[in-house]
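The values are calculated or read from the model by the stated rules, or taken from the named source; none is laboratory data. Everything numeric here is computed off the predicted structure, so don't read it as measured data. As a convention, Cβ positions derive from the backbone with ideal geometry for all residues, glycine included, and neighbour counts pool all protein chains shown. All accessible areas refer to the heavy atoms of the entire protein, side chains included, with ligands and DNA or RNA removed. Shrake-Rupley method; radii C 1.70, N 1.55, O 1.52, S 1.80 Å.
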Amino acid sequence: MRFKNSQLIYSPTDLIVFLESPFASWMDRRYLENPDSLAPDEDDPMLKILQARGHAHEGKYLTTIQGSGQNICEIPHADGLERTREALKQGPDVIYQAHLEYGEFAGYADFLRRVHGPFAEPRYAVWDTKLARHPKPYYLIQLCCYAEMLEGMTGACPDVIGVILGDESEHEYRTRDFWFYFQHIKRRFLELMAHYPQGEGPIPEASAAHGRWSSYAERWLLAQDHLSQVANIGRGQIRKLEDSGIATLQALARKHPGRVKGISEAVLTRLHQQAGLQVRSQGLERPLYEVLAAPEDYPGLGLAALPPASAADVFFDMEGFPAANDWLEY
């Protein structure tokens, strides 16, 4: 998000930040309004590596289509909006880095591919390059946002949107299949921005990805002794506990709530015991733990699924490394 002539302009990425963490979205707005009062986390070095690989993947795909004989118009960021409007009228096969704007949103689409058909004016589909090997749901939200901006500039919404993945495979989707969910996310995001700076903003969910505000979120949760710190607790359970008068980790650990509407006795006991374990572990170098017996109806659950111990046991930890050429390192 940024200011342009005193107007707040958002990007498709801002929607994804909101989708993953409304708290992080709120903090981005605070930082934009008051940059000297906040300090976001430093950039992750691995993130920089992945960004560089993403740019390389995009450049490789551009080289591929340049060698295919297609007519390509590359839009420079300077005067990008006017150059994009001209290109949309001229109708090249591909528009690279199109500058799109409509309403409160603006951004640069990786590729616009011309859709050939019986149209009076040139029509385009939005395609994006992604380094991942499998499509992710939020890709479609980003692409729908670009599609809406393209519709605002041309009067025609793209019938399809597409992703070129890191293995160079192409995946095409019907825009309308994701359109209403995109509109729902956008509406909620704009409602949050419209209420700024009223109130304290959204609560940082302990299980969410808060990006560059992760340290801030962790400090906030600790300061508030918030229930979301309890391992494996759900949002609905937090609301029901708060409604019953249990609003902090300490309160849940001190006393079994007895009965809480909407939470079973077994789940309530588990949450109470978990909170107590976490409270007793505070300040210890090594957290406390309890080994739970497998339930009678699931005798092979958890640690009970392990075979009997043997002197020949080998523990082998294999992890992926996204910066390696084949995405795996052993």
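Let me check against my output: what whole-number percent is the relative contact order of the chain, with C-alpha pairs under 8 Å and at least 6 apart? Once divided by the residue count of the chain, the mean separation gives 14 percent. Remark: relative contact order (the stretch 179-330) = 11 percent; criterion is Cα-Cα distance under 8 angstrom and separation of 6 or more residues. Scoring 12-24, 43-55, 287-299, 162-174 by mean Cβ neighbours within 10 Å over their residues and listing the highest first yields 12-24, 162-174, 43-55, 287-299.
Under a 5 Å amide H cut-off, with hydrogens placed 1.01 Å from N, His226 pairs with Leu249 among residues at least 5 apart or on other chains. Listed by chain and number, the lysines whose C-alpha is less than 25 Å from the C-alpha of Lys261, apart from same-chain residues fewer than 8 away, are Lys240. As a ratio to 2.2 N^0.38 Å, the alpha-carbon radius of gyration computed for the stretch 197-245 takes the value 1.18. Shape class for the stretch 1-86, computed from the alpha carbon gyration tensor (a ≥ b ≥ c): oblate, with a/c not under 1.5 and a/b at or below b/c. Calculated [222 nm] ellipticity per residue, helices only, for the chain: -13000 deg cm²/dmol; basis is -39500 (n - 2.57) per DSSP H run with n ≥ 4, divided by all residues, nearest 500.
Let me make sure I get this right: for the stretch 61-179, a, b and c are the square roots of the gyration tensor eigenvalues over alpha carbons, sorted descending. Under 1.5 in a/c it's rounded, otherwise prolate if a/b > b/c, else oblate. Which is it? Let's see the in-between values first.
Details: a/c = 1.39, a/b = 1.14, b/c = 1.22.
It comes out rounded by the Cα gyration axes.
DSSP bridge analysis restricted to the chain gives an antiparallel fraction near 75%, rounded to the nearest 5. Here the Gaussian network model covers the chain, with springs between Cα atoms less than 10 Å apart; of Asp313, Asp243, Asp177, Asp313 fluctuates the most. Ordering Gln142, Met1, Leu222 by Cα displacement along the dipole of the chain toward the positive end leaves Leu222 in first place; charges were set at the Cβ atoms of Lys, Arg (+1) and Asp, Glu (-1). Near the amide H of Ala132, within less than 5 Å, lie the amide hydrogens of Gly166, all on another chain or at least 5 residues away, with H placed in the peptide plane.
Pairs to check: Lys130/Lys186; Lys136/Lys186; Lys60/Lys186; Lys4/Lys186; Lys48/Lys136. Give those whose C-alpha atoms are more than 26 Å from each other in this structure. Kindly include the intermediate steps, with their values, before the conclusion.
On the way: Lys130/Lys186 22 Å; Lys136/Lys186 18 Å; Lys60/Lys186 32 Å; Lys4/Lys186 20 Å; Lys48/Lys136 20 Å.
As for pairs spanning more than 26 Å Cα to Cα, those are Lys60/Lys186.
With the charge dipole of the chain set up from +1 on Lys and Arg Cβ and -1 on Asp and Glu Cβ about the Cα centre, the Cα lying farthest toward the positive end among the listed residues Ala194, Tyr173, Leu47 is that of Ala194.
Angle between the Cα long axis of helix 45-66 and the longest principal axis of the chain, 0 to 90 degrees, nearest 10? Helix 45-66 sits roughly 30 degrees off the main axis of the chain. Take the alpha carbon gyration tensor of the chain, find the square roots of its eigenvalues, order them as a ≥ b ≥ c, and report rounded if a/c is under 1.5; if not, report prolate when a/b exceeds b/c, else oblate. Because a/c hits 1.5 or more and a/b exceeds b/c, the chain counts as prolate.
Before anything else, pin down the relative contact order of the stretch 27-123: Cα pairs under 8 Å, at least 6 apart, normalised by residue count, whole percent. Let's see the in-between values first.
Working: 89 pairs, mean separation 17.4, N = 97.
Normalised by residue count, the contact order of the stretch 27-123 is 18 percent.
Express in % the proportion of alpha carbon pairs of the stretch 210-330 at distances exceeding 26 Å. Can you show the working numbers first?
Values: 3307 of 7260 pairs.
When every Cα pair of the stretch 210-330 is considered, 46 percent fall beyond 26 Å.
With all protein chains in place and a 1.4 Å probe, the accessible surface of the chain carries 51 percent carbon and sulfur. For the chain, the longest principal axis of the C-alpha atoms and the axis of helix 265-281 are separated by about 90°.
Computed from point charges on the beta carbon alone (+1 for Lys and Arg, -1 for Asp and Glu), the dipole magnitude for the stretch 160-309 about its Cα centre is near 660 Debye. A compact globular protein would have a Cα radius of gyration near 2.2 N^0.38 Å; the ratio found for the stretch 218-282 is 1.00. Accessible area per residue for the chain is 61 Å², calculated with a 1.4 Å probe on protein heavy atoms, without ligands, DNA or RNA. About its Cα centre, the dipole of the chain is roughly 940 debye, where the only charges are +1 on Lys and Arg Cβ and -1 on Asp and Glu Cβ.
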